[in-house]
Amino acid sequence: MSVHSVTASVDTFDWIKIRAANHLTADTLKMGAKNKRKHAQEDVVKKDAKRTRMQEKTKGKIYKFYNCQLLRDHKLVKDNLYVRDGVIINPEKLFFEEKLPPDEQIDCNGAIICPGFIDIQINGAFGVDFSCDVDTIEEGLKIVAKGLLPHGVTSFCPTIISSKEDIYRKIVPKIKKVDGNKEGAGILGAHIEGPFISVEKKGAHPEENLRQFPNGFSDLKDLYGNLDNVAMVTIAPELDRSDEVIKELVKKGISVSLGHTTANLVQGEDAIRAGASCITHLFNAMVSFHHRDPHLIGLLTSKFLTDRQVYYGLISDGVHTHPAAVRMAFRSNPRGFIVVTDAIPAMGLPIGKHHMGSQLVEIQDKKAFIAGTNTLCGSIATIPKCVQNLKKNTDCTTEQALDAATLHPAEVLKITDRKGTMNFDTDADFLMLDDNLNVMATYIAGELVWHQDWHPAASVLNRQMSERVGCEESAIKNNF
């Protein structure tokens with residue numbers, strides 16, 4: 001439970017020192033790759049052995065967190081939290097049946113304790129692109145998973161935008177569902193956004209990659225390949241045979257979201273009845289609200305869907321969605337609001353220019369632009385900032401803001417039996433927050449995996465990022 005290893009807040013990197021210290025050329029990195037892989041494998045064996053020893057040492061120990069405000073059943077309550085073997089336990093059974101006292105007590109000093117944040121739409125971060133980094137996707141997933149811990153994200157869905165068939169076949173099998181630990185947030189499965197979407201509302205998706213499914217579900221299956229690692233799929237419901245595809249995906253336990261679409265309200269309602277449960281980044285890449293046909297936005301208040309909850313992701317970063325639009329959505333359907341970042345690889349990188357795929361991106365004033373233009377190229381916001389913006393812009397309660405980043409995404413993925421709540425017998429993935437909803441500490445399976453007071457100097461993430469920055473600078477120099 002007590003973890004004293006050193007880690008880093010991605011907000012506190014000394015980027016000037018990193019850049020100055022990194023003089024390795026691309027050739028040098030390539031020559032050393034073999035040795036790095038060997039050492040990396042040895043490190044994994046050592047870390048696994050250390051983790052096993054730690055688990056044996058802490059197995060069965062009971063931890064009591066007291067002097068805190070717990071988020072339970074949509075309310076903050078003053079109560080104690082009990083954890084054993086990575087699971088939240090019922091203290092009544094502990095005291096009256098097992099008659100056991102806690103082995104260790106942690107004073108939370110009045111902090112808010114809520115479930116860990118869940119991001120169901122994140123395209124990349126810290127220089128990693130889930131749709132492009134084919135050869136290094138496994139390393140990239142580790143970098144992002146580690147980098148998300150300071151932001152309170154304990155689980156996420158790496159998101160792949162519309163790509164060619166070979167990309168899906170190479171990347172999706174490597175996005176394995178794994179539990180989180182001190183090395184990084186857990187992966188709940190891939191969110192595949194496209195390519196079965198509208199050409200008219202493709203957004204940043206390459207038009208040459210877009211598809212339809214004239215043969216129904218078999219077309220989707222043939223393109224994606226094995227679906228075992230897939231948690232969510234975004235499609236446009238106006239495409240022919242979309243209802244059939246939705247039903248098949250839901251049968252396989254995959255959540256379906258509607259997005260990048262020209263669908264009208266009736267088409268959206270039909271898709272929800274077929275089993276779809278979510279709208280992808282509401283307001284973005286869809287037909288705008290009209291009083292005679294509100295299109296997908298009308299799903300938030302449809303009188304024909306009162307028997308089911310419609311969820312919707314919304315980028316409340318203060319850039320992609322106007323505060324008035326955020327208020328309108330939240331007040332129409334607060335129970336369905338899901339905070340998403342829709343972050344691009346530039347999230348977590350410092351101010352300046354960065355090479356992303358074939359584009360040169362410039363970060364300034366907390367926004368990411370295509371370099372030399374005023375064109376936004378994606379979100380670089382973090383989940384805590386989006387949660388804070390939601391509370392600020394809607395005057396919602398703290399409980400409602402936190403539910404939008406914890407309970408609601410867990411509900412849309414149908415994993416509330418283990419994630420997204422502080423219920424007994426669920427995973428002890430939780431956060432300590434201050435009253436302004438800043439992350440103070442992150443716990444996964446009851447283990448402290450990040451704390452605001454930990455010093456960043458020697459973190460593994462720091463070293464990984466320094467190498468990426470060096471390669472990135474070399475690419476910019478050679479190509480621009």
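Only sites in a loop by DSSP and with at most 15 other Cβ atoms within 10 Å count here; which trypsin sites (Lys or Arg not before Pro) in region 113-190 make the cut?
Lys164, Lys176, Lys177
Averaging 1/r across all pairs of distinct Cα atoms in region 237-394 and inverting the result yields a Kirkwood radius of 16.8 Å.
Close amide H pairs (under 5 Å, H built 1.01 Å from N) link Thr234 with Ile192, Glu193, Gly194, Ser257, residues at least 5 positions away or on another chain.
Size of region 229-282: Rg and Dmax of its alpha carbons, in Å, are 9.9, 31. Note that region 73-172 carries a Kirkwood radius of 17.1 Å, evaluated over its alpha carbons pair by pair.
Loop-resident chymotrypsin sites (Phe, Trp or Tyr not before Pro) (DSSP state other than H, G, I, E or B) in region 218-323 with no more than 13 further Cβ atoms inside 10 Å of their Cβ: Phe304. Here the Karplus relation 6.51 cos²θ - 1.76 cosθ + 1.60, evaluated at θ = phi - 60°, turns the backbone of region 146-152 into coupling constants of 5, x, 7, 4, x, 9, x Hz, with x for every Gly and Pro.
So how do 267-273, 348-354 stack up, highest first, on mean other-Cβ count within 10 Å?
On the way: 267-273: 21.0, 348-354: 18.7.
Highest-to-lowest ranking by the protection proxy: 267-273, 348-354.
Taking amide H as placed 1.01 Å from N in the peptide plane, Phe126 has its amide H under 5 Å from the amide H of Met347, Gly348, Leu349, each at least 5 places away in sequence or on another chain.
In the frame of its principal axes, region 304-431 has Cα extents of 49, 33, 27 Å, reported largest first.
Per the Kirkwood definition applied to all pairs of different Cα atoms, how many angstroms is the hydrodynamic radius of region 76-118?
Working: mean 1/r = 0.0824 Å⁻¹.
One decimal place: 12.1 Å for the Kirkwood radius.
In order along region 375-380, the phi-based Karplus estimate (6.51 cos²θ - 1.76 cosθ + 1.60, θ = phi - 60°) of 3J(HN,Hα) comes to 8, 5, 10, x, 8, 10 Hz; Gly and Pro are listed as x. Please say if region 194-284 is rounded, prolate or oblate, where rounded means a/c under 1.5 for a ≥ b ≥ c the square roots of the C-alpha gyration tensor eigenvalues, and otherwise the choice is prolate for a/b larger than b/c and oblate otherwise? It comes out rounded by the Cα gyration axes.
For Gly275, the amide hydrogen comes within under 5 Å of no other amide hydrogen, counting only partners 5 or more places away or on other chains and with H modelled in the peptide plane.
Can you find, among Val412, Gly268, Leu402, the residue farthest towards the positive end of the dipole of region 262-413? Put +1 on the C-beta of Lys and Arg, -1 on that of Asp and Glu. Among Val412, Gly268, Leu402, the one farthest towards the positive end of the dipole of region 262-413 is Leu402.
Any read-out appearing in this document is the output of simple, stated calculations on the displayed coordinates, not a laboratory observation. Every value quoted in this text rests on a predicted model; they were computed, and no experiment measured them. A quick note on method: Cβ atoms are made from the backbone with ideal geometry, for glycine too, and the neighbour counts reach across all protein chains shown.
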